[in-house]
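A.B. asks: Questions regarding the structure given below will be posed in turn.
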Amino acid sequence: MRKGCSKLFCEDEHQFERWNHAVLTNLKAEFKRFKDVVVLSLMHPWERDARLLKKSLKKGHEQYNVIVEITCTRSSDQLLGARKAYHSLFDRSIEEDLASHIKGSERKLLVALVSAYRYEGPKVKEDNVRSEAKAFFNAIKNSDKRKVVEDDEVVRILTTRSKLHLKEVYEQYNKLSDKTIIEELEVDLLLKETVECLCTPQTYFTRVFGVALSGDANEDEKKALTRLVATQEGGEMKGVVAKFERRIEEKVKGAYKDVLVGVLAKDGK
Amino acid sequence: MATLTVPSAVPSVSEDCEQLRKAFAGWGTNENLIIDILGHRNAEQRNLIRKTYGETYGEDLLKALNKELTSDFERLVVLWTLDPAERDAHLANEATKRWTSSNQVLVEIACTRSANQLLHARQAYHARFKKSLEEDVAHHTTGDFRKLLLPLVSAYRYEGDEVNMSLAKTEAKLLHEKISDKAYSDDDVVRVFGTRSKAQINATLNHYKNEYGNDIIEDLEADPKDDFLALLRSTVKCLVYPEKYFEEVLRSAINKRGTDEGALTRVVSTRAEFDLKIIADEYQRRNSVPLTRAIVKDTHGDYEKMLLVLAGHEEA
């Protein structure tokens, strides 16, 4: 069999068929991707999220967007479940670990995001929506003097209000300005992703999918796709999936592709 | 330990409802009957009574109590009848609407309850007020008060006994530095008290005392007029020795000229089914007088009767 697979093996001077190193590396990566999506999909969502949070914290700053993704795209009870699982797995609370390892203005934002237990009902207070859109407007206007993520009001609004309320604040802001909040926050990446995940999750998913499936995605970007596929349960992802079906067909191969398509089909259709 | 007593042979729920209905009927109200029934039922039983009363008579029991009773007695009975989670949500909501002195109530609820009790209060808050506790606390507080209160009400602390001793050392040192610099609302001070488990904080404060000689509370008494400092002291007490904290609240409520019924009602109604016995023992130890005797001396009428029943005082 080895002699038949000339692409995978090369003749070695010591007369055995040696694995082509580059091919081997690729194969390992592909299997790992498959393994990852299977393991992630099978694990209880609470344990999964707790482990993802722990890992992101360990990896440091470039992975803080994962913390944002998890804390902002889960339901209140799912996030609470992750906090419970974290107690069991690591004998600490997630907020104490985040607070002691992260510094600066990002600490305030991330700790508050993980501690939120947002109201999920339909009631929204219009007065507050208006005044809070204004608060965003003012913070963004003054962003040359102070970073938006350091504005106490912005952080308060994003980390305590219900998602429905925040979506209305986002809409209201569009009446005050030509640009959307997301467009204004190009510089404050973590804050931008927070707003995206809370107010317009579809744009977040679309962006992650698009980047992961483009030609030159790096490891982290590809991992993001695996993570989304394994952890999002339909809902906001449905519309996004349809857009990328063809690209998944083209770009993704093998067992990993089967899993992707399978998981997405279950949610998407 | 709880002071609430429930009879070994409890009447059926429909009987209880019938009796309560009778207590409201006609001229006046039979307060003794109300005290007798509601004052001797646990949270599960009270919830069932409320549900059944509503289904049977088409009226919310709490509304009926509101209508029929008055003043301090009414407040005590209504608060007591709620289950612990709803009661905490109700008290917290009230506190967000009042002045800064009510910040202490928020600290009390956030820090003396277990992680799950606080969680249930947050859930009850959603159901009752159609918003989250943290958004109200954040919206109605500012500056250092918000900085401290928000993490406290949002915490879901680890509740195990696992303690990291070297961390306790590091954080005791950190606290000591910040306090010496009078940086009471420093990020790290808030971080330690707002996120660490109670066991870990206890270890840290023990180390603090061993290493630096003083109880941290003594070092936090620098300025008697500083409201934030007072709130921080309450935070520490609530987290590590709640019974002492509650004893102090009771003592101050009773000793105050004219009695602070609000505080007395709050402590008795929120602790009767948990640890009022321990608090009462502490009260006696500290004041050389049983809590029940102090209540008798300081209050009267139906209010006094209900307090005594909840405090486990048997009729002489």
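The values are calculated or read from the model by the stated rules, or taken from the named source; none is laboratory data. Just so you know, these numbers come straight off a predicted model, no measurement behind them. Glycine also receives a Cβ, built like all others from the backbone with ideal geometry; neighbour counts cover every protein chain displayed.
A.B. asks: Within segment B:108-118, identify whether any single residue is at pLDDT 95 or above, crowded, with 23+ Cβ neighbours inside 10 Å and under 18 Å from A:Arg156 (Cα atoms), and answer yes or no.
C.D. replies: No, the conditions are met nowhere in segment B:108-118.
A.B. asks: Looking only at segment B:12-44, how many residues end up being in a loop (DSSP other than H, G, I, E, B), in contact (Cβ under 8 Å) with a residue 12 or more places away in the chain, touching a helix residue (DSSP H, G or I) at 6+ places or on another chain (Cβ under 9 Å) and not hydroxyl-bearing (Ser, Thr, Tyr)?
C.D. replies: Step one: list which residues in segment B:12-44 are in a loop (DSSP other than H, G, I, E, B), which gives B:12, B:25-30, B:39-42.
Within this subset, residues satisfying the condition of being in contact (Cβ under 8 Å) with a residue 12 or more places away in the chain are B:29, B:39-42.
Filter again for touching a helix residue (DSSP H, G or I) at 6+ places or on another chain (Cβ under 9 Å), leaving B:29, B:39-41.
Okay, now just the ones that are also not hydroxyl-bearing (Ser, Thr, Tyr), so B:39-41.
The total comes to 3.
A.B. asks: I've got another one for you. For segment B:133-152, indicate whether the set of residues that are out of contact with any strand residue (DSSP E or B) (no Cβ under 7 Å at 6 or more places or on another chain) and closer than 18 Å to B:Tyr241 by Cβ is non-empty. Spell out the reasoning first.
C.D. replies: The first filter runs over segment B:133-152 and keeps only residues out of contact with any strand residue (DSSP E or B) (no Cβ under 7 Å at 6 or more places or on another chain), leaving B:133-152.
Adding the requirement that they be closer than 18 Å to B:Tyr241 by Cβ leaves B:152.
There is at least one residue in segment B:133-152 that is out of contact with any strand residue (DSSP E or B) (no Cβ under 7 Å at 6 or more places or on another chain) and closer than 18 Å to B:Tyr241 by Cβ.
A.B. asks: Mind listing whichever residues of segment B:131-157 are assigned to a loop (DSSP other than H, G, I, E, B) and either among the basic types (Lys, Arg) or more than 8 Å from chain A (Cβ to nearest Cβ) (or both)? Please lay out each step first, then the result.
C.D. replies: From segment B:131-157, those assigned to a loop (DSSP other than H, G, I, E, B) are B:131-132, B:141-142, B:155-157; that's our starting set.
Once the filter is applied, which keeps residues that are assigned to a loop (DSSP other than H, G, I, E, B) and either among the basic types (Lys, Arg) or more than 8 Å from chain A (Cβ to nearest Cβ) (or both), segment B:131-157 yields B:Lys131, B:Thr141, B:Thr142, B:Arg157.
A.B. asks: Quick check, is B:Ala168 farther than 30 Å from A:Pro122 by Cα, part of a helix (DSSP H, G or I) and within 14 Å of chain A (Cβ to nearest Cβ)?
C.D. replies: yes
A.B. asks: Also, I was wondering about something else. From the list B:Thr52, B:Thr3, which one is more than 21 Å from B:Asn93 (Cβ to Cβ), of a type in the set (S, T, N, Q) and assigned to a loop (DSSP other than H, G, I, E, B)? Give the steps one after another, and end with the answer.
C.D. replies: Details: B:Thr52 fails: assigned to a loop (DSSP other than H, G, I, E, B).
Answer to the check: B:Thr3.
A.B. asks: Is it true that some residue in segment B:221-243 is in a helix (DSSP H, G or I) and closer than 13 Å to B:Ala172 by Cα? Break it down stepwise before answering.
C.D. replies: At the first step, the residues of segment B:221-243 found to be in a helix (DSSP H, G or I) are B:227-240, B:242-243.
Of the ones still in play, those that are also closer than 13 Å to B:Ala172 by Cα are none.
The answer is no; no qualifying residue exists.
A.B. asks: For the structure I just gave you, tell me whether A:Ser100 is surrounded by fewer than 21 Cβ atoms within 10 Å (Cβ to Cβ), at the interface with chain B (Cβ under 8 Å from one of its Cβ atoms) and more than 15 Å from B:Tyr156 (Cβ to Cβ).
C.D. replies: Values: surrounded by fewer than 21 Cβ atoms within 10 Å (Cβ to Cβ): yes; at the interface with chain B (Cβ under 8 Å from one of its Cβ atoms): yes; more than 15 Å from B:Tyr156 (Cβ to Cβ): yes.
For A:Ser100, the condition - surrounded by fewer than 21 Cβ atoms within 10 Å (Cβ to Cβ), at the interface with chain B (Cβ under 8 Å from one of its Cβ atoms) and more than 15 Å from B:Tyr156 (Cβ to Cβ) - is met.
A.B. asks: Still on this structure, I have one more. Which of the residues spanning segment A:103-122 are farther than 18 Å from A:Ser75 by Cβ and more than 17 Å from the chain's Cα centre (by Cα)? Outline the logic, then answer.
C.D. replies: Applying the first criterion (farther than 18 Å from A:Ser75 by Cβ) to segment A:103-122 yields A:103-111.
A:Lys103, A:Gly104, A:Ser105, A:Arg107, A:Lys108 - these are the residues of segment A:103-122 that are farther than 18 Å from A:Ser75 by Cβ and more than 17 Å from the chain's Cα centre (by Cα).
A.B. asks: Another question, if that's okay. Is it true that B:Arg191 is of a type in the set (Lys, Arg), facing chain A (nearest Cβ under 8 Å) and over 20 Å from B:Tyr241 (Cα atoms)? First the steps, then the outcome.
C.D. replies: On the way: of a type in the set (Lys, Arg): yes; facing chain A (nearest Cβ under 8 Å): yes; over 20 Å from B:Tyr241 (Cα atoms): no.
In short, no.
A.B. asks: Evaluate the following for A:Tyr119: is it assigned to a loop (DSSP other than H, G, I, E, B), farther than 30 Å from A:Tyr256 by Cβ and of a type in the set (Ser, Thr, Tyr)? First the steps, then the outcome.
C.D. replies: Details: assigned to a loop (DSSP other than H, G, I, E, B): yes; farther than 30 Å from A:Tyr256 by Cβ: yes; of a type in the set (Ser, Thr, Tyr): yes.
So A:Tyr119 passes the test.
A.B. asks: Specify which of the listed residues (B:Arg98, B:Arg128, B:Arg122) is surrounded by fewer than 18 Cβ atoms within 10 Å (Cβ to Cβ) and within 13 Å of another protein chain (Cβ to nearest Cβ).
C.D. replies: Selected residue: B:Arg128, the only one of B:Arg98, B:Arg128, B:Arg122 that is surrounded by fewer than 18 Cβ atoms within 10 Å (Cβ to Cβ) and within 13 Å of another protein chain (Cβ to nearest Cβ).
A.B. asks: Further, regarding this structure: Among (1) surrounded by fewer than 20 Cβ atoms within 10 Å (Cβ to Cβ); (2) touching a Leu at 6+ places or on another chain (Cβ under 7 Å); (3) within 22 Å of B:Arg113 (Cα to Cα), there is one condition B:Asn202 misses while meeting the rest; what is its number?
C.D. replies: The one condition B:Asn202 does not meet is (2).
A.B. asks: Sticking with this structure for a sec: Checking the conditions here, which among A:Val154, A:Val169 is closer than 19 Å to B:Thr141 by Cβ and in a helix (DSSP H, G or I)? Give the derivation first.
C.D. replies: Working: A:Val169 fails: closer than 19 Å to B:Thr141 by Cβ.
Among A:Val154, A:Val169, only A:Val154 is closer than 19 Å to B:Thr141 by Cβ and in a helix (DSSP H, G or I).
A.B. asks: Shifting gears a bit: Considering each residue of segment B:179-192, count those that are farther than 19 Å from A:His101 by Cβ, part of a helix (DSSP H, G or I) and of a type in the set (D, E, K, R), and give that number.
C.D. replies: Of the residues in that region, 0 qualify.
A.B. asks: Restricting attention to segment A:46-80, which residues are more than 9 Å from chain B (Cβ to nearest Cβ), surrounded by fewer than 19 Cβ atoms within 10 Å (Cβ to Cβ) and either touching a Phe, Trp or Tyr at 6+ places or on another chain (Cβ under 7 Å) or of a type in the set (Lys, Arg) (or both)?
C.D. replies: Within segment A:46-80, A:Arg51, A:Lys54, A:Lys55, A:Lys58, A:Lys59 qualify.
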